[in-house]
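Comments concern the structure below.
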Amino acid sequence: EAQVTQNPRYLITVTGKKLTVTCSQNMNHEYMSWYRQDPGLGLRQIYYSMNVEVTDKGDVPEGYKVSRKEKRNFPLILESPSPNQTSLYFCASKGQAYGYTFGSGTRLTVV
Amino acid sequence: GEDVEQSLFLSVREGDSSVINCTYTDSSSTYLYWYKQEPGAGLQLLTYIFSNMDMKQDQRLTVLLNKKDKHLSLRIADTQTGDSAIYFCAEMPNYGGATNKLIFGTGTLLAVQP
């Protein structure tokens, strides 16, 4: 089944403790992206990647890092999480067709 | 600038039609999308429309596009309780370099009353 897989689905962590949210797609898509969803703000793009080793900032990149060493994987790294990064995170990929395929989301709480 | 606006909430009775409206600002957008998010789930692509089209119909869904007013709407016929969800309008501006960036509205919560 064609899909984008994120892990974990839920994560509670403490301020300053580094964490990684993994994202993997099995559709051989070149484009991948991370969004965060906050009430009243919709979804905002954090980072995106056009292909392997090609990444760029989205609208809200501060406090986040990404890497794209392989086509299928696009992890999101929070080096020193803070409470304002408490949010619902979505990974997405896009091939030549028109729409994005989204993962099921990761709900992160930073206390 | 980039901005996509939607009303926050819509309540309808089961069996009625629902119309969710959206306005966008970037006239370069080649594609416009409607996504559905059910509670605790990711975003599911419902339908999309190419910018040179005025209307697209897909079973119970009808998308209308008014490029002059930059207005997009989604009509759901015979709305069912299973249609209760948040609906996001999104545009993909054509930045020339084709960044594939999707810009989302804030989402409209559709509540279907039995």
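No lab work stands behind these numbers, since they all come straight from the coordinates. Keep in mind the model is a prediction, meaning the values are calculated, not measured. Reconstructed Cβ throughout: ideal geometry from the backbone, glycine too, with neighbour counts over all protein chains shown.
Cβ crowding within 10 Å, taken as a proxy for footprinting-reagent exposure, orders B:TRP34, A:TRP34 from fewest neighbours to most as B:TRP34, A:TRP34.
Residue by residue along B:16-25, Cβ atoms of other protein chains within 10 Å of the local Cβ number 0 on average. Simple point charges give the picture: +1 on the Cβ of Lys and Arg, -1 on the Cβ of Asp and Glu, and for the protein assembly as shown a dipole about the Cα centre of about 540 debye. For chain B, the residue among B:GLN6, B:ILE86, B:ASN52 whose Cα projects farthest onto the positive side of the dipole built from Cβ charges is B:ASN52.
Measuring between their Cα centroids, region A:28-51 and region B:51-114 lie 18 Å from each other. Given +1 at the Cβ of Lys and Arg, -1 at the Cβ of Asp and Glu and no other charges, the dipole of chain B around its Cα centre is 160 debye to the nearest 20.
With a cut-off of 15 Å between beta carbons, the residues surrounding B:PRO114 carry a summed charge of -3, where Lys and Arg count +1 and Asp and Glu -1. Per residue of peptide A:33-46, the mean number of Cβ atoms on other chains within 10 Å of the residue Cβ is 4.
Normalised by the number of residues in chain A, the average gap of Cα pairs under 8 Å and 6 or more apart makes the relative contact order 36 percent. For the residues of B:36-43, the average number of beta carbons from a partner chain within 10 Å of their own beta carbon is 5. For chain B, the relative contact order works out to 37 percent when only alpha carbon pairs closer than 8 Å and six or more residues apart are counted.
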